[in-house]
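See below for the structure under consideration.
Since every read-out is calculated from the coordinates, none of them should be taken as a lab result. The structure displayed is predicted, hence computed values, not measured ones. Cβ: placed from backbone, ideal geometry, glycine included. Neighbour counts: every protein chain shown.
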Amino acid sequence: MHPVVVCGLGRFGLQVVEALRSCACPVTVLSDSRTSLERIERAEAAGARCVTGDFRTPAARRAADVATAAAAIFTTASDVDNLEAALEVRGEAPTVRVVMRHSQPRLSRRFETDFGITAALAPAELAATAFVEAALQTPARRGSSRAADRPLPLPRRPIRTEFLAIPLLLLGIYATAIVVFRFTMELSWIDATYFATTVVTTVGFGDINLHQAPPWLKLFGVVLMFAGVLLIAVTASLLAVFVVTGTADHLRNEFRARRLRDHVVVCGLGSVGMAVARDLYARGTRVVVIDPKADDELHRETNPRCPVIVGDATRPVILHRAGIERARALVACTSNDALNLEIGLTAQSVTEGSRAGRPLRLVLRCFDADLARRIHAVSDNYTLLSEATIAAEIFVRRALAESAV
């Protein structure tokens, strides 16, 4: 059997190597000098031959015997490097199957039909289905309790004092002016309101004026003009800040999230989180996303389809804003195992007293297979999945589909 050359020995590349070796397939790993010694030792322990070099250079590919390989799999996180090397291999060895990692699944068909790439695959997209199906499974009920049906008092986002104080002050001055003009100038309520508005806004049409008014009322009008101009300017500034800083958008998203029931909360809007949210939305499942970044392009792409709550998902108040007490499942898919576990533990703590008989399904992204095994051994409340492990098996199947033996 001709070997399969794996280019790149990152976290995902190592998963591909181990999946190939589990099929008893000979493997040659081509990785650069920056690769950690631990990963090289794990690859060699699995039975792979390791070659040091830059897979983008012809010399390194010759050292790894790519031209005589059954297949070449490019696994690095750099789309450009993977595509560049894959195209060169297609030119150097047209019979070698080429499977490459690429983060843009919408381009996969173009790579395959236009450039002859065997398969261009996105690990996040490949794994999203497994995460979604795990989240949508119906957990076993643990008994019933009326407490589960009681609405919880939800913590509200604190509103800055100036957003209320300035408009209320303006409204108070405006109302006072109406009353003063109504009784001192013997105007109707409509005319008093009209005149007060022209003074506060400094429009002054002249149809009603203070020319014959007593001095104190004229001074009141002067003060009212300056106060109106100042307060309107401050109110306009606060409104601009409210919109430009995203506060209005955040409140709108929290309002949308509070109206949802039986939805899925997705924590982390990286490649996996984005793919999971898209898949859930395509299946007609309601989704709320939590992510700490407010101005990322992914937020602008996701927000029209589902509410995006900006904040740290390990904080109970952020989970409450996402409606965790009414959700059917939580998917924590950041790139940090410890953070995902902390999010899951926090969600479990927040909801366990209010969801008796209606447990929250917790699906956590996990790179450490040993950690996943240990948690699964002691608790069935958590489902830990690795998109690298899921995707690696698909990469291997595509690479070996027509390999010569």
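So the values come out like this:
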| item | result |
| --- | --- |
| Debye intensity ratio I(q)/I(0), log10, the chain, q values 0.07, 0.11 Å⁻¹ (C-alpha model) | -0.52, -0.87 |
| Reciprocal mean inverse distance between Cα atoms of region 161-244 - Kirkwood radius, Å | 13.4 |
| Rounded to the nearest 20 debye, dipole of the chain from Cβ charges on Lys, Arg, Asp, Glu | 1260 |
| Cut-off of 10 Å, at most 15 other beta carbons, DSSP loop: longest stretch of the chain lacking such trypsin sites (Lys or Arg not before Pro) | 35-140 |
| Two-decimal Rg to Rh for region 66-119 - Kirkwood Rh, Cα set | 0.93 |
| Equivalent ellipsoid dimensions for region 11-151 as semi-axes, Å, which come from the Cα gyration tensor, largest first | 38, 20, 13 |
| Helix 189-200 vs. the chain, principal-axis angle (Cα, 0 to 90°, nearest 10) | 60 |
| Angle in degrees between helix 387-400 and the longest Cα principal axis of the chain, rounded to the nearest 10 | 40 |
| Between helix 161-184 and the chain: long-axis angle, C-alpha atoms, 0 to 90°, nearest 10 | 20 |
